[in-house]
1. Could you list, in sequence order, all residues of segment 35-66 that are in a strand (DSSP E or B), touching a Ser or Thr at 6+ places or on another chain (Cβ under 6 Å) and among the charged types (D, E, K, R)?
2. Would you confirm whether or not segment 4-11 contains a residue that is of a type in the set (Phe, Trp, Tyr), modelled with pLDDT of 55 or more and open to solvent by 50 Å² or more (accessible area, probe 1.4 Å)?
3. Six or more apart or on different chains, Cβ under 6 Å: which pairs go from a residue in segment 37-51 that's farther than 18 Å from Thr72 by Cα to one that's small (Gly, Ala, Ser) and in a loop (DSSP other than H, G, I, E, B)? Could you list them?
4. Note down all Cβ pairs under 9 Å where the first residue falls in segment 89-101 and is on the phi > 0 side of the Ramachandran plot, the second is not in a strand (DSSP E or B), and they're at least six residues apart or on different chains.
Amino acid sequence: MKTFFLSLVAMAFMMSFSSNQNVEINNSSIEETAPKASFKILNDTGSKISIYTGTGYVTLNNGSKTSVTCNTGKKVYTASSGTKDDFLFEIKSSMCGETVRLSDYL
């Protein structure tokens with residue numbers, strides 16, 4: 001019985017050691033290939049503006065920024081009173097991790 005218990009403990013120890021190594025290897029490969037999860041929208045238009053970010057509505061004062069999840073394919077619009085107005089741009093993967101200036105799209 002004592003031998004059986006010691007063999008179970010040894011197996012559990014070896015399994016935890018080998019799974020920790022796998023986690024470290026997997027985490028390092030994920031960090032190298034993971035895309036940036038958001039981008040910033042800068043209001044450089046000279047006035048206050050409301051926009052729809054593809055997931056919600058935001059009002060930006062002149063010079064302010066908002067961080068937006070990088071959902072490629074979502075469309076960004078101007079907005080008023082909680083409704084979408086004019087189309088501005090579609091979120092592209094190249095925007096992830098960058099700052100987008102609204103003046104480039106108005």
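1. The answer is Lys40, and nothing else.
2. yes
3. Taking only residues 6 or more apart or on different chains, the pairs are Asn43/Ser64.
4. Gly97/Pro35; Gly97/Lys36; Gly97/Ala37; Gly97/Cys70
The values are calculated or read from the model by the stated rules, or taken from the named source; none is laboratory data. Here the structure is a predicted model, which is why all the values come from computation and not from measurement. Cβ sites come from the backbone with ideal geometry, for glycine too, and all protein chains shown count toward neighbours. Note: areas computed on protein heavy atoms with side chains; ligands, DNA, RNA excluded. Shrake-Rupley method; radii C 1.70, N 1.55, O 1.52, S 1.80 Å.
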